[in-house]
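Throughout, read-outs are computed from the coordinates displayed, never taken from laboratory work. These numbers come from a predicted model, not from an experiment. Don't worry about glycine lacking a Cβ; one is built from the backbone with ideal geometry, like all the others, and counts go over all protein chains shown.
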Amino acid sequence: MNQRLTYIILLSLSFVAMVVGVHRSIVEEDVIGNYWLFMVGFILYMLYRYRKKKDSV
């Protein structure tokens, strides 16, 4: 798979997970219950940064 496409997919999924987490937290008024969505988004973002840094060296 193209590396640039992989970066775009990881960053997009990270953004979507964060937006869904914020939306569900507002609608359900429960941030702790949606904590896992924020962590999934954060992990995807960290994976994006790790792969991008690893490939640029």
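Among the residues of region 29-38, those that are surrounded by fewer than 12 Cβ atoms within 10 Å (Cβ to Cβ) and in a helix (DSSP H, G or I) comprise Ile32, Gly33, Trp36.
Surrounded by fewer than 16 Cβ atoms within 10 Å (Cβ to Cβ) and in a helix (DSSP H, G or I): does that describe Leu47? Break it down into steps so the answer makes sense when it comes.
Working: surrounded by fewer than 16 Cβ atoms within 10 Å (Cβ to Cβ): yes; in a helix (DSSP H, G or I): yes.
So Leu47 fits the description; yes.
Residues of region 1-11 that are more than 11 Å from Tyr45 (Cα to Cα) and either of a type outside the set (Val, Ile, Thr) or exposed (fewer than 10 other Cβ atoms within 10 Å of the Cβ) (or both): Met1, Asn2, Gln3, Arg4, Leu5.
The residue pairs whose first member lies in region 32-47 and is closer than 13 Å to Val22 by Cβ and in contact (Cβ under 8 Å) with a residue 24 or more places away in the chain, whose second member is of a type in the set (A, V, I, L, M) and assigned to a helix (DSSP H, G or I), and whose beta carbons are closer than 6 Å, counting only pairs six or more residues apart or on different chains, are Gly41/Ala17; Gly41/Met18. For beta carbons closer than 7 Å, sequence separation of 6+ or different chains, a first residue in region 12-28 that is surrounded by 14 or more Cβ atoms within 10 Å (Cβ to Cβ) and a second that is aromatic (Phe, Trp, Tyr) and part of a helix (DSSP H, G or I), the qualifying pairs are Ser14/Tyr45; Ser14/Tyr48; Met18/Phe38; Gly21/Phe38.
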